[in-house]
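Note sheet for the following structure.
The values are calculated or read from the model by the stated rules, or taken from the named source; none is laboratory data. Keep in mind it's a predicted model, so treat the numbers as computed, not measured. Please note: Cβ atoms are built from the backbone with ideal geometry, for glycine as well, and neighbour counts cover all protein chains shown.
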Amino acid sequence: MNPTPKQLGFRMPAEWEPHKGTWLSWPKDPVTFPDRVEKVENLYCEMMSHLSAGEKVFLLVDDAATKKKVLQKLGEIKTNLPNIVIHIVPTADVWIRDYGPNFLLRGKELAFNHWIFNAWGGKYEELMADTAIPEKLQPLLKCKMFEPGIVLEGGSIDVNGEGVCLTTKQCLLNKNRNPHLSQKEIENYLKEYLGLNEIVWLNEGVEGDDTDGHIDDIARFVAPNTVVCAVEEDLKDKNYKILQENYEILKSRFETIPLPMPGIVSGDNGKLPASYANFLIANECVLAPIFNHKNDGKALDILRECFPKRRIVGLDCRDLIWGMGAIHCITQQQPAI
């Protein structure tokens, strides 16, 4: 057996640790974003504008024509263009958090995990090809790649950089991921490939989440021993009991800050998984989803208290959420070395 990342001294850093840059995949699928692709493109440009002020942006596009189009759009807004790096690497869809490289550090050495991506339990066969993206990026990254050999999405885990990971039973213990593995065996994979000592298990994710309960919609580390946790104020909402149970689990272990929910955001097939927890912590800013709801300001104020040295940028994600994800789902941070 080859030594695991933990045995070699690697760990997954916390998201607030310094980034070299953030990876994204350019949106294009009208099935993912019905009648909204152009609006989502504009949101991407806004995100890249903010991110490029403090770090690199590594963008995957399908072809040279798209690269030209993106650069033209970015040239029309305030963007630090030297920090925009565009690679022609075709993808099936935008969810690079889930299929992209899961980066690790050992001192000043970079590595990454290439987990298996099965499109959230085999739900979307046409998206499964994105499981190959980490391997395709290795020639660009020029660093060691580990292959754990099990199914895992990046949005299903959140770490504090000091050996603790949050996840959910609904997702990681789901029979559509790794039915041959027990909870203890899955814990061992996480510990060995992320450099962890402790796994904190929450129960379920929010209603309407087709990922089967990703953690990045419900609870996030904002400091080594502090988490924000989504809570629902409406007693009649289906999320109320689910989120209260998670909140109680977290309260017993961490300093836990309640984060409100943005009410009901609906799509053609019912409730969409809108949550303020789906934010990205970047070098100079925090990009946070908002949904034109009365709780938008309250959520942004909570994040300002958590990250007083970063700009808190609220981005309207009412079009993006039609794809069943928000800002954290479409980004993947690469740590600085």
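Quick look at the values:
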read-out	value
Given (1) under 15 Å from P90 (Cα atoms); (2) out of contact with any strand residue (DSSP E or B) (no Cβ under 6 Å at 6 or more places or on another chain), number of the condition L172 does not satisfy	(1)
Selected residue (only one of L74, L81 is surrounded by fewer than 17 Cβ atoms within 10 Å (Cβ to Cβ), closer than 22 Å to L280 by Cα and among the hydrophobic types (A, V, I, L, M, F, W, C))	L81
Every residue from region 1-55 that is assigned to a loop (DSSP other than H, G, I, E, B), closer than 18 Å to G323 by Cβ and either touching a helix residue (DSSP H, G or I) at 6+ places or on another chain (Cβ under 8 Å) or touching a residue at least 60 places away in the same chain (Cβ under 8 Å) (or both)	W26, P27, K28, D29, P30, T32, F33, P34, R36
Count - residues of region 326-337 that are outside any helix (DSSP H, G or I) and under 17 Å from H50 (Cα atoms)	6
Where V313 falls short, out of the listed (1) in contact with a Lys or Arg (Cβ under 9 Å, 6 or more places away or on another chain); (2) surrounded by 19 or more Cβ atoms within 10 Å (Cβ to Cβ); (3) of a type outside the set (K, R); (4) over 19 Å from D35 (Cβ atoms)	(1)
Filter result for G213 (within 24 Å of Y247 (Cβ to Cβ) and at pLDDT below 95)	no
Residue that is of a type outside the set (D, E) and modelled with pLDDT under 95, where the choices are K251, K271	K271
Conditions (1) surrounded by fewer than 19 Cβ atoms within 10 Å (Cβ to Cβ); (2) more than 16 Å from H50 (Cα to Cα); (3) not aliphatic (A, V, I, L, M): number failed by G323	(1)
Residue in region 184-199 that is in contact with a Leu (Cβ under 9 Å, 6 or more places away or on another chain), closer than 22 Å to I116 by Cα and assigned to a strand (DSSP E or B) present	yes
Residue match in region 239-262 (condition: in a loop (DSSP other than H, G, I, E, B) and touching a helix residue (DSSP H, G or I) at 6+ places or on another chain (Cβ under 6 Å))	no
Test for R318: is it charged (D, E, K, R), under 23 Å from Q170 (Cα atoms), assigned to a loop (DSSP other than H, G, I, E, B) and out of contact with any His (no Cβ under 9 Å at 6 or more places or on another chain)	no
Answer residue from region 245-298, given it is of a type in the set (S, T, N, Q) and closer than 16 Å to I327 by Cβ and is surrounded by the fewest Cβ atoms within 10 Å (Cβ to Cβ) among those	N292
Checklist (1) surrounded by fewer than 17 Cβ atoms within 10 Å (Cβ to Cβ); (2) in contact (Cβ under 8 Å) with a residue 60 or more places away in the chain applied to D158, failing item	(1)
Filter result for N278 (closer than 22 Å to E207 by Cα, more than 17 Å from the chain's Cα centre (by Cα) and either of a type in the set (F, W, Y) or modelled with pLDDT of 95 or more (or both))	no
Filter result for T22 (crowded, with 16+ Cβ neighbours inside 10 Å, within 28 Å of D158 (Cα to Cα) and among the β-branched types (V, I, T))	yes
Residue satisfying condition, being buried (at least 17 other Cβ atoms within 10 Å of the Cβ), among the polar types (S, T, N, Q) and over 22 Å from I281 (Cα atoms), within set Q183, Q170	Q170
